[in-house]
Amino acid sequence: MRLSFLSAAVLGAASLSAALAGCAGTDAGKTAAPAQPATATTETAAPAGRPAAKIAADQVGKVSPVPAFKGIGEHWSVDIQASGDDFDHTVALTWGSGSYNATGHARYQKPTAGAPDSPIVLSGDLATAQGAKPMTIEILRQDCTDDGDRPHQHSVRVRVEGMDPMQGCGDLAVY
């Protein structure tokens, strides 16, 4: 009898442990989605709201090379996120050491054929307190070191009508 009681206790503890491990990190009352085996199609799929890390051959030249970008300069920063449209992006610009914030939209402008070293250009409008202002963002593929001596893979220039140009460094998101 003692052996079966001990076996039952160990088995019960193992079951409880497995049940608790399955619940870790989930909200009460919610169940986790069953794990899906990795396949060639799910490997390239991105989580909801995020651009895919890899693109198919038929998408080359049809999607923006900017899934997400974070740029910084002296007293300013810019966050760029690709939205659902292949070339449309949301832009959040902060300047004046955080005193001013504005958001807007910009579209990727495909370079002319035969210009592989040309900058990545996004153009659109920024919704400022004074109304919508035309905006252009140029991202250059060149090493850049910020004021804090941190290296970045890109330099960035943001131009908004009626404002001084902002120049700094940044990085494309890697998924």
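The values are calculated or read from the model by the stated rules, or taken from the named source; none is laboratory data. Since the model is a prediction, treat every value here as computed from it, not as a measurement. These accessible areas exclude ligands, DNA and RNA; they are computed on the full protein's heavy atoms, side chains included. Shrake-Rupley method; radii C 1.70, N 1.55, O 1.52, S 1.80 Å.
Quick look at the values:
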item: Residues of region 126-175: accessible area per residue with a 1.4 Å probe, Å²; result: 61 Å²
item: Accessible carbon and sulfur surface of region 86-175 relative to its total accessible area, %, 1.4 Å; result: 48 percent
item: Tensor-based shape of region 79-175 (alpha-carbon gyration tensor, a/c under 1.5 rounded, otherwise prolate or oblate); result: oblate
item: Sequence-distant residues sharing a close amide H with Tyr100 (under 5 Å, placed H); result: Trp95
item: J(HN,Hα) series, region 90-102, from Karplus relation 6.51 cos²θ - 1.76 cosθ + 1.60, nearest Hz, glycine and proline x; result: 8, 10, 10, 10, 10, 8, x, 6, x, 6, 10, 9, 8
item: Largest-first ordering by accessible area, 1.4 Å probe, given options Lys110, Lys70; result: Lys110, Lys70
